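Working notes, structure below.
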Amino acid sequence: MLWFGVSTAWLILALEIALRKSKGDRRSTEISLVIRQTMEACILTHLLPRSQIDIYVQVLQADGGTRSACINAATLALADAGIPMRDLVTSCSAGYLNSTPLLDLNYVEDSAGGPDVTLGILPKLDKVTLLQMDSKLPIDILENVMQLAVEGCKAIANYIREILLENTKQLEYRRGV
């Protein structure tokens, strides 16, 4: 069995929260749980028997989209570390404010009280690993917001893949391959 330890820290508050110790504020614990569940959906645990993966995320500045930023950072770190995954997990938030669907809500947009969705997907597999929504939306608007979020997640996945490829090329160049 693979053990996951996920921790988030808010550097602004100088806290370090460990999920398995159940310390810290409610928001940090919830984000830790979301990251853990999302990463468990993508990591090929059968290839890592009797292993433990600890993910530590420090949020230096929060301006909305914290869950998504943490998931994207964890995905990039796991891929860079060579952890085998089904696909990259990418996440973004989308919402609906003043009759307009919005992607990647900032703090002001998120605090305005409109409905929002946090989505995590495995883009190549077209599978949802995370869906959080705290308010109601009519189905037609939800479809628009979800489509926007999926497009955002796929764009993030493409960007992460470009960064990983660029990093691999730099490593090959340094090694003379």
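The values are calculated or read from the model by the stated rules, or taken from the named source; none is laboratory data. All values reported here derive from a predicted model rather than from experimental measurement. Please note: Cβ atoms are built from the backbone with ideal geometry, for glycine as well, and neighbour counts cover all protein chains shown. Heads up: the accessible areas ignore ligands, DNA and RNA and are worked out on the full protein's heavy atoms, side chains in. Shrake-Rupley method; radii C 1.70, N 1.55, O 1.52, S 1.80 Å.
Mind checking which pairs have a first residue in segment 150-177 that is assigned to a helix (DSSP H, G or I) and a second that is of a type in the set (Gly, Ala, Ser), Cβ under 6 Å, 6 or more apart or different chains?
164/79
If residue 87 satisfies every condition in (1) touching a Lys or Arg at 6+ places or on another chain (Cβ under 7 Å); (2) open to solvent by 40 Å² or more (accessible area, probe 1.4 Å); (3) of a type in the set (Asp, Glu) but one, which is the exception?
All conditions are met except number (2).
Which numbered condition in (1) within 16 Å of the chain's Cα centre (by Cα); (2) in a helix (DSSP H, G or I); (3) within 22 Å of residue 43 (Cβ to Cβ) is the only one that residue 130 fails?
(2)
Output the qualifying pairs, or none if there are none: Cβ atoms under 8 angstrom, residues six or more apart or on different chains, first residue in segment 45-59 and open to solvent by 60 Å² or more (accessible area, probe 1.4 Å), second residue at pLDDT 85 or above.
47/84
Could you run through segment 8-50 and say how many residues are modelled with pLDDT of 50 or more, within 16 Å of residue 77 (Cβ to Cβ) and among the polar types (S, T, N, Q)?
Residues flagged as modelled with pLDDT of 50 or more, within 16 Å of residue 77 (Cβ to Cβ) and among the polar types (S, T, N, Q) within segment 8-50 amount to 2.
Which one is most open to solvent (accessible area, probe 1.4 Å) among residues in segment 91-123 that are polar (S, T, N, Q) and within 23 Å of residue 61 (Cβ to Cβ)?
111
Out of the strands (runs of 3 or more DSSP E) lying entirely within segment 24-119, which hold 1 or more residues that are touching a strand residue (DSSP E or B) at 6+ places or on another chain (Cβ under 6 Å) and polar (S, T, N, Q)? Spell out how you get there, then give the answer.
Details: elements: 52-59, 90-97, 100-103.
Fully inside segment 24-119 and qualifying: 52-59, 90-97.
Do we have residue 137 as over 20 Å from residue 44 (Cα atoms), open to solvent by 10 Å² or more (accessible area, probe 1.4 Å) and at pLDDT 90 or above here? Step through it out loud before you land on a result.
Working: over 20 Å from residue 44 (Cα atoms): yes; open to solvent by 10 Å² or more (accessible area, probe 1.4 Å): yes; at pLDDT 90 or above: no.
No; evaluated as a whole, the condition is false for this residue.
Output the residues belonging to segment 65-79 that are modelled with pLDDT of 90 or more and open to solvent by 40 Å² or more (accessible area, probe 1.4 Å).
Once the filter is applied, which keeps residues that are modelled with pLDDT of 90 or more and open to solvent by 40 Å² or more (accessible area, probe 1.4 Å), segment 65-79 yields 69, 73, 76, 77.
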